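Reading through the structure tokens given below for one structure.
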Amino acid sequence: MPADSFLLAAIAFCGSVVFGVTGFGAALVSLPLATHVVPLGFALALFALADIANSFSVGLEKPKNAVRAEYLRLVPMILIGTAAGVTVLVNLPRAAGMLLLGVFVIAYALYALFPHPSQRVISRRWAWLAGFAGGVTSALFGAGGPPYVIYLSQRGLTKEEFRATLGLVTMTSISLRVVAFLLTGLLLNPDVWLAAIVVVPAALAGIWLGRKIFQRMPRELLMRVVAVLLLGSGGSLVWRALN
């Protein structure tokens, strides 16, 4: 499927631009679009490979700025959540998977459209819920970032601490997802690896461009634009799942 591979590469590039700017969110853009081209299981496996390349590129930028205590609080529940999410995924009918993905994308888009001041520091106990929810959504939808972002943005971190901690958490979450997909066989399809030959380099190119945009474009403005696009792509998934 050469033509499909190049289309998927273009989708990966767009998602990775968002990842390069924000430190998360590639799958929120890529997966809804990719499921119009390939089945959800194939898209999840393929973009797990693109995401792990992205996550190491961003996660290892400045790891010394990461807050170790926050990272260690999140990781155990990410592991449990990933296991739970993969268990559901392998038994989920295709239409149900598309519907859940569409609803999830729409919900996050609506959240992202409105400003969320970080004036109140929430309890560190919320890390348990954020880690578990991120692990589940990472496995089911390839998008663990939103729960981590919501939690870390309310912990009083500096901009540098936030980006570095989120980068390491995302890198760990995606690595666990790749391991889980290998164990369940989702990453044993040779066509996934063939498509990855085109898709992964496109994703890395998107990361490079995203970093350039990060230096010139306000993050909040980009997230508003992305949110509007997500409303459309999430709505199309829900429509397809129900028809």
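The values are calculated or read from the model by the stated rules, or taken from the named source; none is laboratory data. Note that this is a predicted model, so its numbers are computed, not measured. Cβ placement follows ideal geometry from the backbone for every residue including glycine, while neighbour counts extend to all protein chains displayed. Calculation scope for accessible area: heavy atoms of the full protein, side chains included, ligands and nucleic acids excluded. Shrake-Rupley method; radii C 1.70, N 1.55, O 1.52, S 1.80 Å.
State yes or no: is PRO93 in contact with a helix residue (DSSP H, G or I) (Cβ under 7 Å, 6 or more places away or on another chain), open to solvent by 40 Å² or more (accessible area, probe 1.4 Å) and not β-branched (Val, Ile, Thr)?
For PRO93, the condition - in contact with a helix residue (DSSP H, G or I) (Cβ under 7 Å, 6 or more places away or on another chain), open to solvent by 40 Å² or more (accessible area, probe 1.4 Å) and not β-branched (Val, Ile, Thr) - is not met.
Could you pull out the residue among VAL58, VAL17 that is among the hydrophobic types (A, V, I, L, M, F, W, C), within 16 Å of the chain's Cα centre (by Cα) and within 19 Å of VAL105 (Cα to Cα)?
When all the criteria are applied, what remains is VAL17.
For ALA10, which of the numbered conditions (1) open to solvent by 10 Å² or more (accessible area, probe 1.4 Å); (2) closer than 16 Å to ALA205 by Cα; (3) in contact with a Phe, Trp or Tyr (Cβ under 8 Å, 6 or more places away or on another chain) fails to hold?
Here ALA10 clears every test but (3).
Kindly indicate whether LEU99 is more than 13 Å from the chain's Cα centre (by Cα) and either crowded, with 19+ Cβ neighbours inside 10 Å or at pLDDT below 80 (or both).
Spelling it out, LEU99 is indeed more than 13 Å from the chain's Cα centre (by Cα) and either crowded, with 19+ Cβ neighbours inside 10 Å or at pLDDT below 80 (or both).
Yes/no matrix, rows are residues, columns are (1) in contact with a Leu (Cβ under 9 Å, 6 or more places away or on another chain); (2) at pLDDT 85 or above; (3) open to solvent by 70 Å² or more (accessible area, probe 1.4 Å):
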| site | (1), (2), (3) |
| --- | --- |
| VAL121 | no, no, yes |
| ALA139 | yes, no, no |
| GLY145 | yes, no, no |
| VAL169 | yes, yes, no |
| ILE174 | no, yes, no |
| LEU182 | yes, yes, yes |
| GLY185 | no, yes, no |
| PRO190 | no, yes, yes |
| ARG216 | no, no, yes |
